[in-house]
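**Q** Starting off with a structure, shown below.
The values are calculated or read from the model by the stated rules, or taken from the named source; none is laboratory data. Note that the structure is predicted; figures quoted are calculated from it, not measured. Glycine gets a Cβ as well: all are built from the backbone with ideal geometry, and neighbour counts include every protein chain shown. What goes into the accessible areas is simple: the full protein's heavy atoms, side chains included, and nothing from ligands, DNA or RNA. Shrake-Rupley method; radii C 1.70, N 1.55, O 1.52, S 1.80 Å.
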Amino acid sequence: MMKRDIILAGVGGQGIISIASIIGYAALEQGMFLKQSEVHGMSQRGGDVMSNLRISHHEIASDLIPFGQADMIISIEPLEALRYLPYLSAQGWVITNIRPFNNIPNYPEIDQVLGEITRLPHHIALDADATAKEAGSTKAANIVILGAAAPFLGMAYHKLEDAIRFIFRTKGDKIIDLNLNALKAGCDFTEKHM
Amino acid sequence: MQRLLLLGDEAIAQAALDAGLSGIYAYPGTPSTEITEFVQNSKFASENNIHSSWSANEKTAMESALGMSYAGKRTMVCMKHVGLNVAADPFINSAITGANGGMIVVSADDPSMHSSQNEQDSRFYGKFALVPILEPCDQQEAYDMVHYGFDFSEKFKVPVLMRITTRMAHSRSGVIRKPDIRKQNELKMPSDLRQFVLLPAIAKKRYKNLLGNHSVFITESEASPFNRYIDGPDKSKGIIVCGIAFNYLLENFEDRKVPNPVLKIGQYPLPRNLVEKMADECDEILVIEDGYPIIEELLKGLLGRGLKVKGRLDGTLPRDGELNPNILAVALGKADTFGLPVPELVVGRPPSLCSGCPHIDSYYALTETLSDLSNGRVFSDIGCYTLGALKPYEAINSCVDMGASITMAKGAADAGLIPSVAVIGDSTFTHSGMTGLLDAINDKSPITVMILDNGTTAMTGGQESPAFGKLEDICRGLGVEEAHIRVLKPLKKYHDENVAIIKEELAYPGVSVIIPRRECIVAIDKRIRAKFKNK
Ligand code: SF4
């Protein structure tokens, strides 16, 4: 029996909904239950966005993850990873991009932001933009982060690959391969650094 | 059975399609927009001629739906909670006329005001209008309730209100569809052709009829599959819980087993017998509502001398804001959980106008024009441009309700604040600005109205604007003088020219309309992508 409570974080337009769809599809394919709550509307336009994603072999009650009980925070932006720490459980992991998305005048010193992240007991921090670029396009930074989270998701890696093939099925083989490469690169990073 | 992964909004739309919907009416509003969009994008809907284009506002939507119900067909009308204020007149009266074809009104509340001006609770409207209310606790129930609601509406000839919240609307989970799709109704007039004529003599009868039905609705609530009494051994406390808060309650107990008796409410008026049973059995009652304390007030009564009732009014739960599992844990006397504090260096990242947004250039031109006058003259409205209130623009001084920019500017001008400026978007203008402009014209009020025309309803995701291509004609038709309808191109390179034009119109002692026209860049992007896709 497996359950994962995941906070997905980022800035509007960074692609957290795609991550949610991929994990969600993979979970449903394995007959798991799922609840995912997301933010629309005024919270976009470059504002912070977060989504609660819960997958479990048991029926799930709440759409919202209680504070202090998330198994992981997956973030495409380092400052956003920190914003949701109150949700993280004591054993929980933070998997985050270290590349800042600086669209506010008072963005804190990036070194201090990264300092806060590396102080956390369980963290994976990588430059997903650079990794994605090597894999073919910076647009796949979100998938690199998903790959980095893959070893913590409690599901077979190929299930995520299948989900990517499904979610991007209309976009052509090139895009699919690019995303599979990005996923792999992220996953490799975590396996090396865990 | 295959489970579809659907947002609450999508589950409602899918259910309506499966239940024989003939038309959906709406004006976009977060978090209700996706219901109508789901129907608009449905192949089944277009193949079956199901009406789904946007209405000019919630009132016109409500009335069109009532007309479709009059003609015997099943119809749904959707809005965000404040939209129900706009549609309140036809809504309240539709309870008196009653329905013919099934009619469901969906109102999406926004506790915690994620993207709204208030957190009003639509259940008040249902109670006010004396219509039954359905309030789902999850996406499956939302799906099932739509079928139930249409049947109910046709059986008792009454519109049914469905109340959801942001969390329900924008949360996804597995939904199992019903196996058969119901056919649409045939065109069928009401059996009494005077049913919808609310002349006093008829209205009085219809109202008595509605009042008479109230006890029937209570009986229906008592038998409803959506109201469940779940017994528990610990009678020191009974729990009444509504809608999605039910999930937060269950989250707090291992295997979702609550030791206390729980009355889960999904249909109103309240099931009297079940509430009575709880009052008899339990020493006190905790009422959990993700909205206003409506049931709590009802149970307490004016003096609160009867039952021992806890909830939002006595501080057991916070008085305002959205509920969550932690808030309930505290209310239940359980240990709260918390991760790590947010590090001090974390700052807010508020939404802002997209870079390249036409409104930015409009605001810079307007602010410069006003710079030698005293501050506080710009009345604005609801849309992306409301973000102009924030830094670095700080260009507007009000945002109250759809259309209020023009009428507030008029009132302020009447009071002597001259010049006064109204800033309103194109679709907000056709939603509720036109009538206010007419008032100003008839009064020759010295106001300058800027209609920011970005060609779309941008804030809710770029729906087509009912105003598209019509603004000058509308203004002319209402009586704005031709010489004082000015169209600008809000671009940096025309800044000085634009400032000069605004200055001229501010000096004019009557109504002028300035239309800065440039397409929303997100809409352009979407358009180009769609074109690319079709190639
Ligand atoms: S969505 Fe369009 S109108 Fe809204 S802020 Fe962005 S560019 Fe401006």
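**Q** Do the conditions hold for residue B:329, that is, is it more than 23 Å from residue A:59 (Cβ to Cβ) and either open to solvent by less than 40 Å² (accessible area, probe 1.4 Å) or within 14 Å of chain A (Cβ to nearest Cβ) (or both)?
**A** Working: more than 23 Å from residue A:59 (Cβ to Cβ): no; either open to solvent by less than 40 Å² (accessible area, probe 1.4 Å) or within 14 Å of chain A (Cβ to nearest Cβ) (or both): yes.
When the stated conditions are applied, residue B:329 does not pass them.
**Q** Scan the stretch B:508-535 residue by residue and report those that are more than 24 Å from residue B:427 (Cα to Cα) and touching a residue at least 12 places away in the same chain (Cβ under 8 Å).
**A** Of everything in the stretch B:508-535, those that are more than 24 Å from residue B:427 (Cα to Cα) and touching a residue at least 12 places away in the same chain (Cβ under 8 Å) turn out to be B:508, B:509.
**Q** Considering B:320, B:414, B:401, B:372, which residue is under 30 Å from residue B:241 (Cα atoms) and not polar (S, T, N, Q)?
**A** Residue meeting the stated conditions: B:320.
**Q** Can you tell me which of (1) in contact with a helix residue (DSSP H, G or I) (Cβ under 7 Å, 6 or more places away or on another chain); (2) more than 9 Å from chain B (Cβ to nearest Cβ); (3) surrounded by fewer than 21 Cβ atoms within 10 Å (Cβ to Cβ) is the one residue A:50 doesn't meet?
**A** Going through (1) in contact with a helix residue (DSSP H, G or I) (Cβ under 7 Å, 6 or more places away or on another chain); (2) more than 9 Å from chain B (Cβ to nearest Cβ); (3) surrounded by fewer than 21 Cβ atoms within 10 Å (Cβ to Cβ) one by one, residue A:50 breaks only (1).
**Q** For the stretch B:481-499, what are the residues that are β-branched (Val, Ile, Thr) and under 15 Å from residue B:519 (Cα atoms)? Outline the logic, then answer.
**A** Keep residues of the stretch B:481-499 that are β-branched (Val, Ile, Thr), which gives B:485, B:487, B:499.
Passing the criteria: only B:487.
**Q** Name, by its number, the condition in (1) open to solvent by 10 Å² or more (accessible area, probe 1.4 Å); (2) within 18 Å of the chain's Cα centre (by Cα); (3) under 30 Å from residue B:199 (Cβ atoms) that does not hold for residue B:130.
**A** Result: residue B:130 passes all but (2).
**Q** Scan the stretch B:435-453 for residues that are closer than 22 Å to residue B:490 by Cβ and open to solvent by 10 Å² or more (accessible area, probe 1.4 Å) and jot them down.
**A** Hit for the stretch B:435-453 is B:453, nothing else.
**Q** Further, regarding this structure: Any residue that is part of a loop (DSSP other than H, G, I, E, B), open to solvent by 60 Å² or more (accessible area, probe 1.4 Å) and at pLDDT 95 or above - is there at least one of those in the stretch B:281-298? Before the answer, list the steps.
**A** The initial filter retains those residues of the stretch B:281-298 that are part of a loop (DSSP other than H, G, I, E, B), namely B:282-283, B:289-293.
Checking the rest, the ones that are also open to solvent by 60 Å² or more (accessible area, probe 1.4 Å) come to B:283, B:292.
From what's left, at pLDDT 95 or above: B:283, B:292.
Checked against the condition, which is being part of a loop (DSSP other than H, G, I, E, B), open to solvent by 60 Å² or more (accessible area, probe 1.4 Å) and at pLDDT 95 or above, the stretch B:281-298 yields at least one hit.
**Q** Could you figure out which of (1) within 14 Å of residue B:69 (Cα to Cα); (2) surrounded by fewer than 24 Cβ atoms within 10 Å (Cβ to Cβ); (3) of a type in the set (S, T, N, Q) isn't true of residue B:116?
**A** So the condition that residue B:116 fails would be (1).
**Q** Additional query: Taking the conditions exactly as written (open to solvent by 50 Å² or more (accessible area, probe 1.4 Å) and within 7 Å of another protein chain (Cβ to nearest Cβ)), does residue A:102 satisfy them or not? Working first, answer last.
**A** Details: open to solvent by 50 Å² or more (accessible area, probe 1.4 Å): yes; within 7 Å of another protein chain (Cβ to nearest Cβ): no.
Criteria not met by residue A:102.
**Q** Let me confirm something: among A:153, A:120, A:126, which residue is in contact with a Gly (Cβ under 8 Å, 6 or more places away or on another chain) and under 21 Å from residue A:187 (Cα atoms)?
**A** Values: A:153 fails: in contact with a Gly (Cβ under 8 Å, 6 or more places away or on another chain); A:120 fails: in contact with a Gly (Cβ under 8 Å, 6 or more places away or on another chain).
Answer to the check: A:126.
Yes/no per residue for (1) under 30 Å from residue B:329 (Cα atoms); (2) crowded, with 18+ Cβ neighbours inside 10 Å:
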site	(1), (2)
B:174	yes, yes
B:178	no, no
B:185	no, yes
B:191	no, no
B:199	no, no
B:219	no, no
B:231	yes, no
B:249	yes, yes
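**Q** Looking at the structure I just gave you, is residue B:80 in contact with a strand residue (DSSP E or B) (Cβ under 6 Å, 6 or more places away or on another chain), within 16 Å of residue B:161 (Cβ to Cβ), open to solvent by 10 Å² or more (accessible area, probe 1.4 Å) and not assigned by TED's automatic domain parsing to the domain that holds residue B:401? If you could, list the steps in order and put the result at the bottom.
**A** On the way: in contact with a strand residue (DSSP E or B) (Cβ under 6 Å, 6 or more places away or on another chain): yes; within 16 Å of residue B:161 (Cβ to Cβ): yes; open to solvent by 10 Å² or more (accessible area, probe 1.4 Å): yes; not assigned by TED's automatic domain parsing to the domain that holds residue B:401: yes.
Yes, satisfied.
**Q** Please tell me if residue A:45 is more than 9 Å from chain B (Cβ to nearest Cβ), over 15 Å from residue A:149 (Cβ atoms), open to solvent by 10 Å² or more (accessible area, probe 1.4 Å) and among the basic types (Lys, Arg). Spell out the reasoning first.
**A** Numbers: more than 9 Å from chain B (Cβ to nearest Cβ): no; over 15 Å from residue A:149 (Cβ atoms): yes; open to solvent by 10 Å² or more (accessible area, probe 1.4 Å): yes; among the basic types (Lys, Arg): yes.
Against the criterion (more than 9 Å from chain B (Cβ to nearest Cβ), over 15 Å from residue A:149 (Cβ atoms), open to solvent by 10 Å² or more (accessible area, probe 1.4 Å) and among the basic types (Lys, Arg)), residue A:45 does not qualify.
**Q** Write out, first by first residue and then by second, each pair whose Cβ atoms fall under 6 Å of each other, whose residues are 6+ apart or on separate chains, and whose first residue, in the stretch B:384-402, is open to solvent by 50 Å² or more (accessible area, probe 1.4 Å) while the second is part of a loop (DSSP other than H, G, I, E, B) and away from the ligand (no atom under 14 Å from the Cβ).
**A** B:397/B:376
**Q** Spot the failing condition for residue B:351; the list is (1) at pLDDT below 95; (2) assigned by TED's automatic domain parsing to the domain that holds residue B:408; (3) touching a Leu at 6+ places or on another chain (Cβ under 8 Å), and only one is missed.
**A** (2)
**Q** Now, a different point. Collect the residues in the stretch A:62-83 that are open to solvent by 10 Å² or more (accessible area, probe 1.4 Å) and either touching a Phe, Trp or Tyr at 6+ places or on another chain (Cβ under 6 Å) or facing another protein chain (nearest Cβ under 9 Å) (or both), keeping them in residue-number order. So that I can check it myself, show each step before the final result.
**A** From the stretch A:62-83, those open to solvent by 10 Å² or more (accessible area, probe 1.4 Å) are A:64, A:67-69, A:71, A:83; that's our starting set.
Listed by number, the residues that qualify are A:64, A:67, A:68, A:69, A:83.
**Q** Right, here's the next one. State whether the residues of the stretch A:2-24 include one that is within 7 Å of another protein chain (Cβ to nearest Cβ), more than 16 Å from the ligand (Cβ to nearest atom) and in a strand (DSSP E or B).
**A** no
**Q** Going through B:362, B:405 one at a time, which residue ends up being away from chain A (no Cβ under 14 Å), under 27 Å from the mean Cα position of the chain (by Cα), open to solvent by less than 20 Å² (accessible area, probe 1.4 Å) and not charged (D, E, K, R)? Quick ask: steps written out before the conclusion?
**A** Values: B:362 fails: under 27 Å from the mean Cα position of the chain (by Cα).
After ruling out the rest, the residue left standing is B:405.
**Q** For the stretch A:84-99, indicate whether the set of residues that are assigned to a helix (DSSP H, G or I) and open to solvent by 20 Å² or more (accessible area, probe 1.4 Å) is non-empty.
**A** Step one: list which residues in the stretch A:84-99 are assigned to a helix (DSSP H, G or I), which gives A:85-87.
With the extra rule that they be open to solvent by 20 Å² or more (accessible area, probe 1.4 Å), the set shrinks to A:87.
Yes: one or more hits.
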